[in-house]
1. I'd like the residue in the stretch B:31-51 that is at the interface with chain A (Cβ under 9 Å from one of its Cβ atoms) and among the small types (Gly, Ala, Ser) and, out of all such residues, is farthest from A:Leu35 (Cα to Cα).
2. Consider B:Phe174 against the criteria (1) under 22 Å from B:Ile224 (Cβ atoms); (2) surrounded by 13 or more Cβ atoms within 10 Å (Cβ to Cβ): it satisfies all of them except one. Which criterion is unmet?
3. Which numbered condition in (1) open to solvent by 70 Å² or more (accessible area, probe 1.4 Å); (2) touching an Asp or Glu at 6+ places or on another chain (Cβ under 7 Å); (3) polar (S, T, N, Q) is the only one that B:Gln31 fails?
4. Suppose we filter B:Leu184, B:Leu206, B:Leu189, B:Leu178 for residues that are of a type in the set (A, V, I, L, M, F, W, C) and touching a Ser or Thr at 6+ places or on another chain (Cβ under 7 Å); which single one remains?
5. Any chance you could count how many residues in the stretch B:39-53 are under 25 Å from B:Gly105 (Cα atoms) and open to solvent by 20 Å² or more (accessible area, probe 1.4 Å)?
6. Hey, can you tell me all the residues within the stretch B:88-110 that are more than 11 Å from chain A (Cβ to nearest Cβ) and assigned to a helix (DSSP H, G or I)?
7. Please work out which one of (1) surrounded by fewer than 18 Cβ atoms within 10 Å (Cβ to Cβ); (2) within 9 Å of another protein chain (Cβ to nearest Cβ); (3) touching a residue at least 12 places away in the same chain (Cβ under 8 Å) is the condition B:Asn56 fails and give its number.
8. Which condition breaks for B:Phe216 when tested against (1) more than 30 Å from B:Tyr157 (Cα to Cα); (2) surrounded by 15 or more Cβ atoms within 10 Å (Cβ to Cβ)?
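The values are calculated or read from the model by the stated rules, or taken from the named source; none is laboratory data. Quantities reported herein were computed from a predicted structural model and do not represent experimental measurements. Neighbour counts are summed over all protein chains in view; Cβ atoms, including those assigned to glycine, are modelled from backbone coordinates with ideal geometry. Ligands, DNA and RNA are stripped out before the accessible areas are found, and what is left, the full protein with its side chains, is counted by its heavy atoms. Shrake-Rupley method; radii C 1.70, N 1.55, O 1.52, S 1.80 Å.
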Amino acid sequence: MLAFNFFGATEGGLFDINATLPLMALQVVALTYILNSLFFKPVGNVVEKREKFVSNNIIEAKNKLSEVKKLEADLLTQLQSARTEAQRIVSEAEDESDKLYKEALELANNEANASKEKARLEIESQTSAARDQLSKQADDLSELIVNRLILEK
Amino acid sequence: MFFNSLLTNFAALEVGQHLYWQIGNIRLHGQVFLTSWILLGALLVFISLGTKKMENDPKGLQNLLEFLWDYIRDLARTQIGEKVYRDWMPFIGTLFLFVFVSNWGGALIPWRLIKLPSGELGAPTADINTTIALALLVSLSYFYAGLSNKGWRYFEYYVHPTPIMLPFKILEDFTKPLSLSFRLFGNILADELVVGVLVFLVPLILPIPVMFLGLFTSAIQALIFATLAAYYIGEAVEEHH
């Protein structure tokens, strides 16, 4: 038995060590097992599950963020290329329309010139025809006048 | 004998008086077990209520218990180290909770209103048997931790920087439980005595600040005990290079 006493008394005193000691030790060991199953394990499970959940979510969010950034950069380059493409198309179209305009203008000019020339030629021919007819009529008239004068005599 | 009766009669306080239980031929300090059962019962009820319905979004008691768990984990992790702190966390936490509940229960509950045939109820940690039991458990734990983690290499610790350290390290194995048990015992007993004497001399107002100081000391002692226990275990499992 663990009974001894610093103060010489057979019983009592502040330093009375007896079987309370091993029994208290057993009680604390039992308490450790009880608290482990009642407190440390269940609470630990919940806390660690939540910590895992949170860290997983953070990792996922980070992944998504990097993906978004990548997509954003991708979109930006696409936008840039689309813009240059559009610019190229616009300038091409401008060139084309310019060319078409010039061609059409030239064609129209040529046509106008041609029809003007034709009209001039026609006018000329009609003028000469009219003049011929006039001189022929003048001839007829003069012949008629001459004939009349001759007959009356 | 003389000293004992002096202590016993000092300021009409009962010091060193025990409620003896006789079982066969072993004798127990009944008041220590009575208070410890009441306090541990309350602790277990509190914990059962808090862990009854565990949710992912903690509410009320569960929040408090999770805070407590986190606090104990941090304590164990910083002292013992990332590798083995999980194995020892329940033990460190139990020491902390037991000492804390005992100290605060002894200081907060007016045990004196309950009359015993001999001795009086009080903090279980104000009995030397309890504190030596706790300290010896810590000693066993750090030996077990060292031996189970490192095998015979655990004894390298005794000659670690130089073999000159050997006698000091051996001496430490005795001073560790001694200082652990007497620090706790002395602090809690002294606090109870101071409050008791003051209440006896000036029953109004004056003891209140001392009682608050006592609550503070009680909490600090629980933290110190658990931290030192964790530190000793950490020291035993630490790898030297």
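1. B:Ser36
2. The single condition B:Phe174 does not satisfy is (2).
3. Going through (1) open to solvent by 70 Å² or more (accessible area, probe 1.4 Å); (2) touching an Asp or Glu at 6+ places or on another chain (Cβ under 7 Å); (3) polar (S, T, N, Q) one by one, B:Gln31 breaks only (1).
4. Details: B:Leu206 fails: touching a Ser or Thr at 6+ places or on another chain (Cβ under 7 Å); B:Leu189 fails: touching a Ser or Thr at 6+ places or on another chain (Cβ under 7 Å); B:Leu178 fails: touching a Ser or Thr at 6+ places or on another chain (Cβ under 7 Å).
After applying the criteria, what remains is B:Leu184.
5. Going through the stretch B:39-53, the residues under 25 Å from B:Gly105 (Cα atoms) turn out to be B:39-52.
Add one more test, that the residue is open to solvent by 20 Å² or more (accessible area, probe 1.4 Å), and what stays is B:41-42, B:44-46, B:48-49, B:51-52.
The total comes to 9.
6. In the first step, residues of the stretch B:88-110 are kept if they are more than 11 Å from chain A (Cβ to nearest Cβ); the result is B:100, B:103-110.
Matches in the stretch B:88-110: B:Phe100, B:Asn103, B:Trp104, B:Gly105, B:Gly106, B:Ala107, B:Leu108.
7. The one condition B:Asn56 does not meet is (3).
8. (2)
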